[in-house]
Amino acid sequence: MIKGRRSRPDPRFFAGSGKADEIAAAVRDSGAEVVLFNHELSPAQERNLERHVQARVVDRVTLILDIFASRAQSAEGKLQVELAQLQHLSTRLVRGWTHLERQKGGIGLRGPGETQLETDRRLLGDRVKALKTRLGKLSKQRQTQRRARGRNRVKTLALVGYTNAGKSTLFNALTRAGAYAADQLFATLDTTSRKLYLQGLGEVVVSDTVDFISDLPHSLIAAFRATLEATAEADLLLHVVDSASPNRDRQMYEVDKVLAEIGAGGVPQLLVYNKIDLSGAAPGAEKDEYGKLRAVRVSARTGAGLDDLRRALAEILLMERPDGGAVIARADRNDLTL
């Protein structure tokens, strides 16, 4: 791993010419075929670096998109990832999209005076347009389903959290859904919804949503906006936090930042401190001086604290203001101790 500090990115190499030479030397010595940058590179910086280090250069955005592509399972998830990839790659397009001409039989493929690059860009643009159309139809279907739940007055919960915080494990523990859960980045890309019975309240709908991460690519947020609409329209967000992570506070901040970007910043939250089996904290609920719930400590893996969480959810959803908002204290990030 090669690190460096700069007051501002170098316009040519991002990392500066000296650091670029160091990276090139490391590539030669190790025989590496790929260089990963934990930053977003401009198309020009990426091309300059590849020529200089004589290896493929992958920036943070491209890597995240590649991981998302390998994780997507549902048809909608695959469409969303492909859209994000195409929108990102459109700024880096040189060649590579002429395979699409086979889908059209080559008839009317290239206009008069149109260069190969212009043809590729047009084909890519057509594919992006088609993906947006298909995703738009799926979004309308989701809206219809949410309106139906609204008419039936079914309460909705959405699990949100930084990647690998244990959302899917908690989702399975609460609903016995059997959703895919693994100790890896972005294990959840496809929103899954299940019913959960809460004592004194009845059935509610719980949704497991896309994992968040710092500096999440804007193209990815835009592509997944239809999926994330369920988050913005939920009655309550369960903000799942890895209580054993040394970067816990930073991860919570990043999740709140993405929630604000998708219009869910005003949705009531309940902090769920997960993985207490690793942090050593005791299970239970935390209330402020007015008796309002602000956090619950659980272990989704062992089941500790899950009964406290169910009781907390029922209490919050039963206590409604006249305007329909849940009465819940937003936790103070600085005075919670685990």
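The values are calculated or read from the model by the stated rules, or taken from the named source; none is laboratory data. Bear in mind that the values here come from a model prediction, so they are computed numbers and not experimental data. Methodologically, a virtual Cβ is constructed for each residue, glycine included, from the backbone with ideal geometry; neighbour enumeration extends over all protein chains shown. We work out accessible area using only protein heavy atoms, side chains counted, and drop any ligands, DNA or RNA first. Shrake-Rupley method; radii C 1.70, N 1.55, O 1.52, S 1.80 Å.
Among all residue pairs at least 6 apart or on different chains, which show Cβ distances below 7 Å where the first residue, located in the stretch 43-68, is closer than 19 Å to residue 25 by Cβ and the second is assigned to a helix (DSSP H, G or I) and charged (D, E, K, R)? Within 7 Å, the pairs are 56/50; 57/46; 57/50. Of the helices (runs of 4 or more DSSP H) contained entirely in the stretch 18-91, those carrying at least 3 residues that are within 18 Å of the chain's Cα centre (by Cα) and surrounded by 16 or more Cβ atoms within 10 Å (Cβ to Cβ) fall at 60-71, 75-89.
Results for (1) modelled with pLDDT of 90 or more; (2) of a type in the set (Phe, Trp, Tyr), shown as yes or no for each residue.
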{"residue": "24", "(1), (2)": "yes, no"}
{"residue": "37", "(1), (2)": "yes, yes"}
{"residue": "40", "(1), (2)": "no, no"}
{"residue": "54", "(1), (2)": "yes, no"}
{"residue": "59", "(1), (2)": "no, no"}
{"residue": "64", "(1), (2)": "no, no"}
{"residue": "67", "(1), (2)": "no, no"}
{"residue": "74", "(1), (2)": "no, no"}
{"residue": "79", "(1), (2)": "no, no"}
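Is it the case that residue 303 is more than 15 Å from residue 159 (Cα to Cα), open to solvent by less than 20 Å² (accessible area, probe 1.4 Å) and modelled with pLDDT of 90 or more? Criteria not met by residue 303.
Residue-by-condition table, conditions (1) of a type in the set (S, T, N, Q); (2) in contact with a Leu (Cβ under 7 Å, 6 or more places away or on another chain); (3) modelled with pLDDT of 80 or more; (4) surrounded by fewer than 20 Cβ atoms within 10 Å (Cβ to Cβ):
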site	(1), (2), (3), (4)
197	no, no, yes, yes
201	no, yes, yes, yes
226	no, yes, no, no
233	no, no, yes, yes
252	no, no, yes, no
260	no, no, yes, yes
271	no, no, yes, no
282	no, no, yes, yes
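Across the stretch 284-295, the number of residues qualifying as surrounded by fewer than 21 Cβ atoms within 10 Å (Cβ to Cβ) and either of a type in the set (Ser, Thr, Tyr) or touching a Phe, Trp or Tyr at 6+ places or on another chain (Cβ under 7 Å) (or both) comes to 1.
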